[in-house]
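Asker: Got a structure for you, written out below as structure tokens; questions coming shortly.
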Amino acid sequence: MRVFNRILDHIEEWLIASFIAAATLVIFAAVVHRQSASFPWLWKYAAKLDFSWAQELCIYLFIWMAKFGAAYGVRTGIHIGVDVLVNAVRPAWKRVLVTVALSLGAFFTAVIAIMGARWVLFIHGTGQISPDLEWPMWVIYLCIPLGSSLMCYRFLQVLVRFLRTGTLPAHTITAAAEEPA
Amino acid sequence: MNVTLILVILLVFLLTGTPISIALGMTVLTFLALFSSFSIDTVDIVSQRLFTGLESFAIMAVPFFVLSGSFLTDGGIARRIIRFALALVGSMRGGLAIAAILACTFFATISGSSPATVVAIGSIMLPAMVRHGYPKRFAVGVITTSGSLGILIPPSIVMIIYAVSTSESAGKLFIAGIVPGLLLAAVLMLVTYVTAARKNIPTAPRASLKEVWLSFKDAFWGLMLVVIVMGGIYGGIFTPTEAAAVSAVYAFIAAVFIYRGLKLKDVPKVLLSAANTSAMLLYIITNAILFSFLLTSEQIPQALSQWVVAQHLSPWMFLVAVNVALLAAGQFMEPSSIILILAPLLVPIAKSLGIDPIHLGVIMTVNMEIGMIHPPVGLNLFVASHIAKMGLTEVSIACLPWVFVLLVYLVLVTYVPAISLWLPGLLY
């Protein structure tokens, strides 16, 4: 089990870091490609390339990153909640509230995983393909059931650890610094 | 009434302390399951929205700007910007503090996030100010507050989220933020100058012209990012999202190869932390889109808008109400969630009262700035308390006078629309 979790952690981190890097490079390349049209000597070669699919790919990469990254976020404790009440009540009640909060997370993501799986099956039946890349849509929609199941698993992990040790993953301040907005 | 019901359900979920995104999604599920004609079609619409809600190229500016911000924070760019700001204004009374505000202003023009601005500038300027005999509280207040310029001066992640959730143009909103942002920077500097004169804070010797030039040359590659992003968007070279992607690549090159503040082997860590933050934001966005789908399908924005119009509220009174509501919401939620939930509700009303949605966007952004330096959930406070090694309460007290300054400024921005609308009116 421990080995399984470690492998899962690595795959998760590796996937989302690659997705964000790939999306950035794709859009950067598409911009460079389009601008190269102003230089005839360059465009001679660049014109042969086609980047019309870049935006679509970028969107899909980021949606995949968002679904798996949200699961990673449960592990790092980055999903912020309203803690006014939680911090105001007695420890015994706090324990109850945190348990409820984490169970809600696990429940919601489980429901979404099931609904997403239903939707993937439906899309599979229609044989829909994406407009630019012409990839089968059901494969692209797979991120919803897969990501949400993983997220559900993460919520359960955090819940079990909380019930056993009373600790929650705390988002470190240095990383919080990169919180936008 | 349905709107009360929905809000009560949301509040109950929120109070358990569950993530805001989960609370939003659970509200939608609960309402659909218990109080509406629940059918398999609704389930399908919800499943579809989970994906199609994010299927927009405009939203993707958010992760790109987050990534670019991560490279800028870690890349040694802030240090150069501070040196340049010090050379320019360091010799004035309260010069270090004024230079800190100027550096935050410069940094805000290349970064779209305010906590990132506090970290980048504060971790260098705060110890410097304390070392030179500035009262610690004063120094912390200056940094935490001027860091909030990050979201008002373009580019701004908060503004992108507003633009996406109300179908306004992010480019126009960026332009609208320039004058209010610079004006606020000027106001903060003025307040600092007056306070410094009263407290008799030491001054530094004037920098030579040579130092000004050298520090400018050193900071040049960092500051070039403003030209690329803003010039690129308004020169029609690329869309805001593409500008964000280019700025991420540029920030990477500047951090790793020009300034060498970041080692190549640390890049995966930066990628992962940027992915973590942006996935969190995108997840809130997905669920907020679900939530506003519920509101729209229950016709709540229209009902609310009709109700407000029937009250014969003047735009003036409406804006008072908006500000009070936003400040209240800022007490317990962070900016992106507030904007995602409230902006789609407020914009139709504002429009029917003749208020420009771009103006409303600027008002909301200034409101969010106040929320960030105000307990209990001010993100800037958390960051500042970590850098300053001061308790959250003490940092909050240090920021209180500044909250007051920002409130006065909010009134100004609210009732003088020209501050926000003059520049976009000129360009669009």
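The values are calculated or read from the model by the stated rules, or taken from the named source; none is laboratory data. Nothing here was measured: the structure is a model prediction, and the numbers come from that model. When we count neighbours, we look across all protein chains shown, and the Cβ atoms used for this are built from the backbone with ideal geometry, even at glycine. SASA here: full protein model, heavy atoms, side chains in, ligands and nucleic acids out. Shrake-Rupley method; radii C 1.70, N 1.55, O 1.52, S 1.80 Å.
Asker: Is there a residue being open to solvent by 20 Å² or more (accessible area, probe 1.4 Å) and within 14 Å of chain A (Cβ to nearest Cβ) anywhere in segment B:206-220?
Answerer: No, segment B:206-220 contains no residue that is open to solvent by 20 Å² or more (accessible area, probe 1.4 Å) and within 14 Å of chain A (Cβ to nearest Cβ).
Asker: Taking only segment B:19-33 into account, find how many residues are open to solvent by 10 Å² or more (accessible area, probe 1.4 Å), under 12 Å from A:LEU104 (Cα atoms) and more than 7 Å from every other protein chain (Cβ to nearest Cβ).
Answerer: Number satisfying all stated conditions: 1.
Asker: Continuing with this model, one more query. B:ARG137 - would you say it is under 25 Å from B:PHE382 (Cβ atoms) and part of a helix (DSSP H, G or I)?
Answerer: yes
Asker: Another question about this same structure. Can you tell which of B:SER297, B:SER278, B:SER273 is under 20 Å from A:ALA66 (Cα atoms) and open to solvent by 10 Å² or more (accessible area, probe 1.4 Å)?
Answerer: Criteria check complete, one pass: B:SER273.
Asker: Could you please give the count of residues in segment B:200-240 that are part of a helix (DSSP H, G or I) and either in contact with a Gly (Cβ under 9 Å, 6 or more places away or on another chain) or among the small types (Gly, Ala, Ser) (or both)?
Answerer: Going through segment B:200-240 one residue at a time, the tally reaches 8.
Asker: Out of the residues in segment A:144-158 meeting the condition of being within 11 Å of chain B (Cβ to nearest Cβ) and crowded, with 23+ Cβ neighbours inside 10 Å, tell me which one is nearest to B:PHE51 (Cα to Cα).
Answerer: A:ILE144
Asker: Which members of segment B:125-171 meet the condition of being among the small types (Gly, Ala, Ser) and either without any contact (Cβ under 8 Å) to a residue 24 or more places away in the chain or open to solvent by 10 Å² or more (accessible area, probe 1.4 Å) (or both)?
Answerer: B:ALA128, B:GLY133, B:SER165, B:SER167, B:SER169, B:ALA170
Asker: Going by the conditions given, is B:TYR193 away from every other protein chain (no Cβ under 14 Å), on the phi < 0 side of the Ramachandran plot and outside any helix (DSSP H, G or I)?
Answerer: no
Asker: Pick from B:THR73, B:THR105: which is part of a helix (DSSP H, G or I) and modelled with pLDDT under 90?
Answerer: On inspection, the qualifying residue turns out to be B:THR73.
Asker: Okay, next question. Looking at (1) closer than 25 Å to B:ALA245 by Cβ; (2) open to solvent by less than 30 Å² (accessible area, probe 1.4 Å), find the lone condition where B:ILE289 falls short.
Answerer: If we test B:ILE289 against (1) closer than 25 Å to B:ALA245 by Cβ; (2) open to solvent by less than 30 Å² (accessible area, probe 1.4 Å), just (2) comes out false.
Asker: Can you name the number of the only condition in (1) over 30 Å from A:ALA88 (Cα atoms); (2) of a type outside the set (A, V, I, L, M, F, W, C); (3) open to solvent by 10 Å² or more (accessible area, probe 1.4 Å); (4) facing another protein chain (nearest Cβ under 10 Å) that B:THR16 fails?
Answerer: Of (1) over 30 Å from A:ALA88 (Cα atoms); (2) of a type outside the set (A, V, I, L, M, F, W, C); (3) open to solvent by 10 Å² or more (accessible area, probe 1.4 Å); (4) facing another protein chain (nearest Cβ under 10 Å), only one is false for B:THR16: (1).
Asker: Let me spell it out: the conditions are (1) in contact with a Phe, Trp or Tyr (Cβ under 7 Å, 6 or more places away or on another chain); (2) open to solvent by less than 40 Å² (accessible area, probe 1.4 Å); (3) among the hydrophobic types (A, V, I, L, M, F, W, C), and B:VAL187 meets all of them except one. Which number is the exception?
Answerer: For B:VAL187, the exception is condition (2).
Asker: Is it true that A:ALA46 is free of Cβ contacts under 8 Å to residues at least 60 places away in the same chain, more than 9 Å from chain B (Cβ to nearest Cβ) and buried (at least 19 other Cβ atoms within 10 Å of the Cβ)?
Answerer: no
To keep it simple, each residue is scored yes or no on (1) at the interface with chain A (Cβ under 10 Å from one of its Cβ atoms); (2) more than 21 Å from the chain's Cα centre (by Cα).
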site: B:LEU67; (1), (2): yes, no
site: B:ILE77; (1), (2): no, no
site: B:VAL119; (1), (2): yes, no
site: B:LEU126; (1), (2): no, yes
